[in-house]
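Coordinate-derived values only; no laboratory data. Keep in mind that what you see is a predicted model, and the values were worked out from it rather than measured. Backbone-built Cβ (ideal geometry, glycine too); neighbour counts: all protein chains shown.
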């Protein structure tokens, strides 16, 4: 039986180096320390590794692939701006694409084929992930990956950049409790998305710490979009005892809440306090300006791009999981009860 050929990831693990470093040795790149080169080359020879026809070229293509679940939201635009700004200064172009299919969380098979064809140097995934097979293909191609705001639990060796979502959810709810609100509801995002679960868990923790019982129907599930915020706010208003404050786990859902309240003849914040999450550019221009938890999207994107460039240069990362702080920004959509 023919012995299975070792993957670049396995050789990198055995040599205690990154996959891009193994790829550099395999492709004859000069920017590898002599001792490291000898160690990697010995493993390549021992395991009979030979480059496939799709192996990475010695010269960079100068391209980063940025894959998002949605290209139409202001949230996505801040991520794109952050990546583009860093990539421009580093001398790289950015190829932006979307995961096709509303309920998909990862690119399809054609994406990896197109990635190999255009010979991108690295990949940034936003609110999405990749299959084990796709990861193997990228390893074979020597293409490093960094995830921004993971949609699931990334593999331990895949670097990721996120935000302190639990702390942000607790701060938002604590602000409303501090204003004297007793009946506080939350509209979360999809339950399967970790950042959404963390924000709702932060809400629950704040309510529990304050000794507040969460009434039935006060925890709602949206999808981070304005229509879902509109729908779930109407559901809350139809309860026998509606809340006096709503924590929406995205600014876009807050816009939907504003619309639902307006249609009912209710005013923000006189009749209902509303807190968002993200601090999109439009939050300060809303009427009234939105109190929200700032998610540092541009900084997250720039940090992830920097990590990716380090991996492309064959450098080891100090940490594979980075979370940036989420401060509460108090404006005029909340008031004392």
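Miscellaneous remarks
- Within the stretch 128-224, all pairs of alpha-carbon atoms sorted by distance into 5 Å bins from zero give the percentages 3, 12, 19, 18, 13, 10, 9, 7, 5, 3, 1, 0.
- Annotation: the antiparallel percentage among DSSP beta bridges lying fully within the chain is about 5.
- Protection proxy ranking of 297-304, 78-85 - average other beta-carbon atoms within 10 Å, highest first: 297-304, 78-85
- Reciprocal of mean inverse Cα separation for the chain (Kirkwood radius, Å): 21.6
- Highest GNM mean-square fluctuation among 95, 123, 293, for the chain modelled with Cα contacts below 10 Å: 95.
- Nearest 10 degrees, 0 to 90: helix 34-46 Cα axis against the chain principal axis: 80
- Building the convex hull from the alpha-carbon atoms of the stretch 245-305 and averaging its projection over directions returns 4.0 nm².
- Between helix 132-141 and the chain there is an angle of about 50 degrees, using the helix long axis and the longest principal axis of the Cα atoms.
- Length added when fully stretched, residue 212-residue 315, from 0.36 nm per residue minus Cα-Cα: 32.2 nm
- A simple packing score, the average count of other Cβ atoms within 10 Å per residue, orders the peptides 319-325, 39-45 as 39-45, 319-325, with the highest score first.
- Once the Cα atoms are used to define both axes, helix 226-237 deviates from the longest principal axis of the chain by about 40 degrees.
- Considering all different alpha carbon pairs of the stretch 165-296, the Kirkwood hydrodynamic radius works out to 14.1 Å.
- Considering only 17, 67, 200, the Gaussian network model of the chain with Cα springs below 10 Å gives its largest mean-square fluctuation to 17.
- Bridge type composition, the stretch 234-337 - antiparallel percent by DSSP, nearest 5: 20
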